[in-house]
Structures are given as structure tokens and as C-alpha cells.
Amino acid sequence: MVKELREKTGVGMMDCKEALVETDGDMERAAELLREKGLAAAAKKAERIATEGAIGSYIHMGGKLGVLVEVNCETDFVAKTDEFQSLVKDIAMQIAAMNPKWVSKEDVPEDVLEKEREILRTQALNEGKPEKIVNKMVEGRLGKFYSDVCLLEQAFVKDQDITVSQLITEKVASIGEKIDVRRFVRFELGEGLEKRTNDLASEVEAQLKDRA
């Protein structure tokens, strides 16, 4: 049973044995217990320093969309593991797909937050909500705003039941080191440029003039 639990969870033999003893041999409960302990340990690692890691990249749509992201961990050894590299790749794909603007809620500029609060406040008042509950409603609705623009608050594209933050916490529990997404940049070809709207006839005409 210890061997089976270890293969299922990837946790050490002694920890598996202790979990099985604590749960009277209940395999599912033992696995759940190990996960809970792992997440608790992950929370304790939040204050540790992570300066190693990797720069991940993702290119999509024939080179029309690209992402670079820096994900940090504590040791170069972990940075080179398949599990960490896979996480970095998943995060780069997440950024490509969901186009977040910031890593976390703390990164959102205060002026942006104030503007969003004002928009949400106006919406609530236009809906006829009582003044006394509008502010509370605004703060509640900011959660949706954060989940749209903050990477860590977004639902993970490969598993909509968890956020990117929860994904990272689970990886911290599994890998045993602090993991941070430090920064990212997302490029989309032509983004911010005025698109050409010439029709085919105009393009042909322009080409003919160039040849003249």
C-alpha cells in the first residue's frame, strides 16, 4: 500500500507510511491528507527567496503571437526538471490564450483600479441598486475584473476548476520549492497599429503604379 500510494502521489515512503497509518489504511483519504500537508508546506515557502528558474516562450499562429515569461524557483536543479519546465510552458500558453495585463492583483496600478471602481459604481447605480450597498457590490465585482486581467487570478486554461495561482501552489507542494511568476511580455503582430483597409482592386492598382 505504501508503494502504491507513493506511485500515486510522488511523495516519499515515510510520509506515505505515516499517512496510511493516520488514515487506517484508507488510500484515498491518505492521498488527500498528503495533498493537504503539501499545500500547507507550500504556504510556508512563500517567504523564501526564488532567484533561479527559466525564461519560457510560446509562439502561436505561424509567428503572429508570441510570449516570453520569467518563472522563478529556488535552485537550478529544479529549474531543469521536466515538471518545472512543463509548468513554465503552460504559463506561457496561458498568457498567449488569455492575454492578462498584470501578474497579480497587487500589480494593478491604483489609477486603473479607481477607474474600474467608478465604472462598476455607475453600472450598479444605473441598475437601481441602493446607494448603501453599491460600494460593497463594487468590491465584489472587482473579482471578475481581476480574473480577466491578472494572470494569477485567471482560470487555468487546461483545468477551469483551478486558478493559475492554485496551479502554482500545487506545483510548489509537489516540487518542494517556492515558485514565482516574475514578469511576462506578450506580442501580437500588428497590435496597436492602424490596419490597412485597402480592397484588392486598390492593392492591384498600387502595385501597377509601383511598376510604372
Over its alpha-carbon atoms, region 88-153 yields an Rg and a Dmax in Å of 14.2, 46
Flagged as over-length at 22 Å C-alpha distance, from Lys101/Lys144; Lys115/Lys178; Lys101/Lys158; Lys105/Lys136; Lys115/Lys144; Lys115/Lys136, the pairs are Lys115/Lys178
Footprinting exposure proxy for Ser104, Ser57 (fewest neighbouring C-beta atoms within 10 Å first)
Ser57, Ser104
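Throughout, read-outs are computed from the coordinates displayed, never taken from laboratory work. All figures in this text were calculated on a predicted structure; none of them were measured in a lab. Neighbour counts run over all protein chains shown; Cβ positions are idealised from the backbone, glycine included.
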